[in-house]
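Undergrad: Please find one structure pasted underneath; my questions will follow.
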Amino acid sequence: MQVKPLDADDFDAVLPRVRADDMGIDPEVGEWVGAYDDDGELLGVARITEAGDGRTIDDVWVFPEQRRRGVAGALIAHAGPPLWLICDDDMIGFYQRRGFALAEPADFPAALAALYGARGEWPRASDHVHHAMVLR
């Protein structure tokens, strides 16, 4: 498996599937990367964004038929620590199994807090609380 910047054609093809999974994404922010198999088939995507002294990964999405094969882990490993994210309650265990730990909201880097705050996602979305997590 190889992780590299997402090809524009692949991005255009995968975007509707990602949005169909109710992921509200902004395609203009951050660097999008894709995980590809040895035949060049796209397996999953993620967005890596740097702001101030922090780096975050979000919109980690893997094709349903490719899940449970280490694709999300490869995308996370590509981004490398230290790495921050925000997530919903139901995703905490998923990210903990990949080495992330819950962090206090006050520890979330200010520039990332401002970025997510401008999106209406930090410290909470419109209908639920988000949790800060960090991979060190």
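Undergrad: For the chain, with only Lys/Arg (+1) and Asp/Glu (-1) charged at the beta-carbon, what is the dipole magnitude about the Cα centre, in debye rounded to 20? Mind dumping the intermediate values first?
TA: On the way: 13 positive and 25 negative charges, 103 e Å.
Once rounded to the nearest 20, the dipole reads 500 debye.
Undergrad: Apply the Karplus curve 6.51 cos²θ - 1.76 cosθ + 1.60, θ = phi - 60°, to the phi angles in region 10-21 and return the couplings in whole Hz, x for Gly and Pro.
TA: 5, 4, 4, 6, 8, 3, x, 5, 5, 5, 5, 8
Undergrad: When DSSP assigns beta bridges and you keep just the ones with both residues in the chain, what percent turn out antiparallel, to the nearest 5?
TA: Within the chain, antiparallel bridges account for around 95 percent of the total.
Undergrad: On to the next question. Could you state the per residue volume, in Å³, of the convex hull enclosing the Cα atoms of region 59-136?
TA: Here the figure is 100 Å³ per residue.
Undergrad: Would you indicate which of [x] 30, 15, 12; [y] 24, 16, 14; [z] 27, 24, 13 is the value of semi-axes √(5λ) of the Cα gyration tensor in Å derived from the coordinates of this structure?
TA: So the structure-derived entry is [y].
Values in this text are rule-based calculations from the coordinates and carry no lab data. Fair warning: this is a prediction, and the values are worked out from it, not measured in the lab. Neighbour counts are summed over all protein chains in view; Cβ atoms, including those assigned to glycine, are modelled from backbone coordinates with ideal geometry.
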